[in-house]
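To start, the structure under review is shown below, and the notes come after it.
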Amino acid sequence: VFLYAPPAAAMVRLEVPGHVLQHFWDLANIESEVRRESAVNLVNELKQAQDEHVGGSDGVMMGGGGGGDANGAVDGPALEGCSPVLVYALKRLARGLGSGRSGARQGFALALTAAFTEIPLVSLPDGLKLLKSSLEPITQSTKGAEARDILMGQLFGIAALVRAMATRFKSGDLPLDDALAFGASVAEETSRL
């Protein structure tokens, strides 16, 4: 299966293996064990893709489709250094949180938690930016059910990032100051919902 992922200026052909794409369908399964297994397998595939991406460039990470200006400001998440498959998957997981399909939010949130826990290349603050850029804003023309799906997606996404933060903190991969700063960002973001 071929997908197109536009980096800053040009269209690039991105090949995502079919078995990776199948994980996204399985994440929306109503059976919790299928969702759990799919999340674990997807994150393992993403870790492998990221390792190959870094290893294929003699240890030098190639741009992954994020970026920002000289001051580091970005509209969306800074996904520099991420493999194209990882960028695609993180964006698709964040968008999937707004799905009304039975089991989809739970599965996509589980996979997002696992990805941010197991692949710490992308920062938790960038996870918040990813959520904001991936889920549609609620406007006056947004219908009730659609607004509910967007809000639920935002809440599930924030919960996924908080779970990832707690796991990183407990394992010693996240210093206390960073955890507190991220917690403050989450509180501020949640107050805007």
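The values are calculated or read from the model by the stated rules, or taken from the named source; none is laboratory data. Small disclaimer: the values here were computed from a predicted structure and weren't measured. Glycine also receives a Cβ, built like all others from the backbone with ideal geometry; neighbour counts cover every protein chain displayed. For the accessible areas, the whole protein counts, side chains as well, though only heavy atoms, and no ligand, DNA or RNA atoms are used. Shrake-Rupley method; radii C 1.70, N 1.55, O 1.52, S 1.80 Å.
Going by the conditions given, is residue 122 closer than 23 Å to residue 53 by Cβ and not small (Gly, Ala, Ser)?
Numbers: closer than 23 Å to residue 53 by Cβ: yes; not small (Gly, Ala, Ser): yes.
So residue 122 passes the test.
May I ask you to list pairs of residues, at least six apart or on different chains, whose Cβ atoms are under 9 Å apart, with the first in region 34-57 being part of a loop (DSSP other than H, G, I, E, B) and the second being open to solvent by 50 Å² or more (accessible area, probe 1.4 Å)?
56/62
Among all residue pairs at least 6 apart or on different chains, which show Cβ distances below 7 Å where the first residue, located in region 105-124, is more than 19 Å from residue 35 (Cα to Cα) and the second is open to solvent by 20 Å² or more (accessible area, probe 1.4 Å) and in a loop (DSSP other than H, G, I, E, B)?
From region 105-124, the pairs are 120/173.
Can you tell me which of 3, 27, 42 is surrounded by 11 or more Cβ atoms within 10 Å (Cβ to Cβ), under 16 Å from residue 82 (Cβ atoms) and either among the basic types (Lys, Arg) or modelled with pLDDT of 85 or more (or both)?
Values: 3 fails: either among the basic types (Lys, Arg) or modelled with pLDDT of 85 or more (or both); 27 fails: under 16 Å from residue 82 (Cβ atoms).
Result of the check over 3, 27, 42: 42.
Among helices (runs of 4 or more DSSP H) lying entirely in region 115-193, which contain 3 or more residues that are among the aliphatic types (A, V, I, L, M), under 14 Å from the mean Cα position of the chain (by Cα) and at negative phi?
Details: elements: 124-134, 144-170, 176-191.
Where helices (runs of 4 or more DSSP H) fall fully within region 115-193 and carry at least 3 residues being among the aliphatic types (A, V, I, L, M), under 14 Å from the mean Cα position of the chain (by Cα) and at negative phi, they are 124-134, 144-170.
Filter region 120-146 for residues that are acidic (Asp, Glu) and open to solvent by 90 Å² or more (accessible area, probe 1.4 Å); which is farthest from residue 166 (Cα to Cα)? Steps first, answer last, please.
If we filter region 120-146 for residues that are acidic (Asp, Glu), which is where we start, we get 126, 136, 146.
Still in the list and also open to solvent by 90 Å² or more (accessible area, probe 1.4 Å): 136, 146.
Details: 136: 27, 146: 30 Å.
Here the residue is 146.
Suppose we filter region 22-33 for residues that are part of a helix (DSSP H, G or I) and not hydroxyl-bearing (Ser, Thr, Tyr); how many remain?
In the first step, residues of region 22-33 are kept if they are part of a helix (DSSP H, G or I); the result is 22-27, 32-33.
Restricting the remaining residues to those that are not hydroxyl-bearing (Ser, Thr, Tyr) gives 22-27, 33.
Qualifying residue count, region 22-33: 7.
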